[in-house]
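The values are calculated or read from the model by the stated rules, or taken from the named source; none is laboratory data. Just so it is clear, the model here is predicted, and its values are computed rather than measured. Positions of Cβ are generated from backbone atoms using ideal geometry, with glycine treated the same way; all protein chains shown enter the neighbour counts. When the accessible area is computed, the model is the full protein with side chains, heavy atoms only, and any ligands, DNA or RNA have been set aside. Shrake-Rupley method; radii C 1.70, N 1.55, O 1.52, S 1.80 Å.
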Amino acid sequence: MNISDLPTELQLQILKEAAMNPGWDEATHSPAGRRVLSAVCFRWRDIVLNTAEIWSLVRVHLEKTRYSGKESTFEKALAALELDLSRTGSQLLDVYWNSRLDLAHAKRVFQVVMERAPFCRWRSLEIYNDSWDSYSLHAIRSEDRFYNLESLR
């Protein structure tokens with residue numbers, strides 16, 4: 001018996017563990033890791049891309065230094081983030097925010113996140129290295145729609 005002989009439900013459980021279990025390699029449960037899992041075979045692609053729960057861990061990791069003078073690189077990263085968020089369906093989200101951008105870029109990222117993943121869907125928020133820029137901090141202070149927020153670190 002090989003893995004393709006397993007029932008879809010069992011393959012789904014395996015892929016959820018690979019994509020979401022914090023005990024696994026950091027790279028595996030990043031958006032890029034989920035894309036790698038979806039490239040293994042057509043069946044895994046279908047399971048990974050169509051299971052919103054697998055995408056419910058959202059990493060916003062954008063740095064000004066990575067995009068300085070490279071607007072097309074920023075646009076690609078923003079489009080990838082938007083695509084990842086669109087795959088979350090209506091799932092509650094665990095958001096990891098590690099982003100240092102200038103005001104113009106921060107506004108665009110924040111707009112995409114709020115359109116695709118409003119605060120009322122955030123189950124947890126973890127902020128790394130004081131990475132919230134002043135625009136994001138101001139916007140979040142005026143919000144009172146964190147209905148489902150269970151954890152803030």
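Across the stretch 107-127, the number of residues qualifying as open to solvent by 60 Å² or more (accessible area, probe 1.4 Å) and in contact with a Leu (Cβ under 6 Å, 6 or more places away or on another chain) comes to 2. Within the stretch 13-30, is even one residue at pLDDT 90 or above, in a helix (DSSP H, G or I), under 24 Å from residue 121 (Cβ atoms) and acidic (Asp, Glu)? No: the stretch 13-30 contains no residue that is at pLDDT 90 or above, in a helix (DSSP H, G or I), under 24 Å from residue 121 (Cβ atoms) and acidic (Asp, Glu). Taking the criterion of being assigned to a strand (DSSP E or B) and either charged (D, E, K, R) or open to solvent by 30 Å² or more (accessible area, probe 1.4 Å) (or both), the residues of the stretch 79-106 that qualify are 94, 96, 100. Here residue 36 meets each of (1) open to solvent by less than 60 Å² (accessible area, probe 1.4 Å); (2) modelled with pLDDT under 85 with one exception, condition (1).
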